[in-house]
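The values are calculated or read from the model by the stated rules, or taken from the named source; none is laboratory data. Fair warning: this is a prediction, and the values are worked out from it, not measured in the lab. Using ideal geometry, Cβ is built from the backbone for each residue, glycine included, and neighbour counts are taken over all protein chains shown.
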Amino acid sequence: MKRRIFVLLALVLGSLALGQSSTYRLQVLSWSCKAFARGVLVQGTVKNISARPLQDLRASVRVIGPGLRMASNSAVLQDRNLMPGERALFEVRVRTGFDSLNRCELWFRNPRVIQIATLVPSPR
């Protein structure tokens, strides 16, 4: 009985792991998060890795500064509609009231989806 439960659990977890890799719709190929006087500039390139076109894309950024102070902003991608396999540049400027930053968070959305599943590497 214990062995059957273990095998069933392994199958469920394995199928979840396989399913997760296919749920991503975007992949960030490169991006940077650079502080400047009273703000942060986030730039990069994103690719549509899904089988369907994605429309009205926005890049969203949250910047965490000292003492967990936060600021955020979003911007429409220059190429708002991405066909499967296409790449697009993005740029978001975030005004902050702090001079240094601890972390930048990046995600993508459109009017129909709160957050689009995206593979995001660490910024460079």
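Could you go through segment 26-38 and let me know if any residue there is modelled with pLDDT under 95 and in contact with a Ser or Thr (Cβ under 9 Å, 6 or more places away or on another chain).
The answer is yes, given that some residue of segment 26-38 is modelled with pLDDT under 95 and in contact with a Ser or Thr (Cβ under 9 Å, 6 or more places away or on another chain).
I need the full set of residues from segment 51-81 which are surrounded by 11 or more Cβ atoms within 10 Å (Cβ to Cβ), closer than 15 Å to Val113 by Cα and free of Cβ contacts under 8 Å to residues at least 60 places away in the same chain, in order please. Lay out the reasoning, then the answer.
In the first step, residues of segment 51-81 are kept if they are surrounded by 11 or more Cβ atoms within 10 Å (Cβ to Cβ); the result is 53-65, 69-77, 79-81.
Imposing the further condition that a residue be closer than 15 Å to Val113 by Cα reduces the set to 53-60, 74, 76, 80-81.
Correct list: Pro53, Gln55, Asp56, Leu57, Arg58, Ala59, Ser60, Ser74, Val76, Arg80, Asn81.
Restricting to segment 49-67, and then to whatever is of a type outside the set (A, V, I, L, M, F, W, C) and touching a strand residue (DSSP E or B) at 6+ places or on another chain (Cβ under 8 Å), can you tell me which residue is nearest to Pro111 (Cα to Cα)?
Within segment 49-67, the subset of a type outside the set (A, V, I, L, M, F, W, C) is 50, 52-53, 55-56, 58, 60, 62, 65-67.
Those still in the list that are touching a strand residue (DSSP E or B) at 6+ places or on another chain (Cβ under 8 Å) too: 50, 53, 55-56, 58, 60, 62, 65.
Working: Ser50: 18, Pro53: 14, Gln55: 9, Asp56: 7, Arg58: 9, Ser60: 13, Arg62: 18, Gly65: 28 Å.
Once the filter is applied, the top-ranked residue is Asp56.
Do you know which residues across segment 90-109 are part of a loop (DSSP other than H, G, I, E, B) and either surrounded by 20 or more Cβ atoms within 10 Å (Cβ to Cβ) or not aliphatic (A, V, I, L, M) (or both)? Steps first, answer last, please.
First, pick out the residues of segment 90-109 that are part of a loop (DSSP other than H, G, I, E, B): 96-102.
Of everything in segment 90-109, those that are part of a loop (DSSP other than H, G, I, E, B) and either surrounded by 20 or more Cβ atoms within 10 Å (Cβ to Cβ) or not aliphatic (A, V, I, L, M) (or both) turn out to be Thr96, Gly97, Phe98, Asp99, Ser100, Asn102.
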